[in-house]
Amino acid sequence: MRISKLVPALALAALLPVSAMAMGFGSDDEEELTYDMGFQKAQMGSYSEAIEVLTEVVDEEPENADAWNMLGFSYRNVGDVDNAWDAYERALAIDPNHRGAHEYIGEWYLMQGDVASAQAQLAKLETLCPDGCVELDTLAASIDSVTGNS
């Protein structure tokens, strides 16, 4: 009978450190910064915070094309076009067929007034997405809005 009472107590004791750490107690470690966290911050429009998170992510995972791409997106949205370009270039160096990077670099070209280069990115997306994709549709709409086509 004593063992049956001891097992639940041991199980509860084993869970306590995990629960305490999950609640933020018992650990001096900083919260792990992840791509998903940076992505969410960028999608919410918290671009400066996204840059902080994604900079840490690419430092830890320099071959993460998605993180480089989202870092470029965040830089572009705070008006830092040079760092945006560098981040997109890194994403494409890692994955030359990264659809998101082709879309965003096309958007970058549009910001510079270079419609022809944006259209070249659109052409690349047409080869990457023969059946269509969100990136293709989004860049096409952006080009249309700049050129007055609909």
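Tell me the residue from A50, A123, A84 that is part of a helix (DSSP H, G or I), among the aliphatic types (A, V, I, L, M) and more than 28 Å from G148 (Cα to Cα), please. Steps first, please.
Details: A123 fails: more than 28 Å from G148 (Cα to Cα); A84 fails: more than 28 Å from G148 (Cα to Cα).
Going through A50, A123, A84 in turn, just one is part of a helix (DSSP H, G or I), among the aliphatic types (A, V, I, L, M) and more than 28 Å from G148 (Cα to Cα): A50.
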Which one of these does G72 not meet: (1) outside the structural domain of C133 (by TED's automatic domain parsing); (2) modelled with pLDDT of 95 or more? (1)
Search result, residues across segment 76-118 that are under 21 Å from N64 (Cα atoms), charged (D, E, K, R) and without any contact (Cβ under 8 Å) to a residue 24 or more places away in the chain: D80, D82, D86, E89
Find the residue count for segment 90-126, including only residues that are closer than 17 Å to E61 by Cβ and of a type outside the set (V, I, T). 8
Within 14 Å of the chain's Cα centre (by Cα), among the polar types (S, T, N, Q) and assigned to a helix (DSSP H, G or I) - does that describe any residue in segment 54-61? yes
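The values are calculated or read from the model by the stated rules, or taken from the named source; none is laboratory data. Computed from a prediction, not measured in an experiment: that's the story for all the values here. Positions of Cβ are generated from backbone atoms using ideal geometry, with glycine treated the same way; all protein chains shown enter the neighbour counts.
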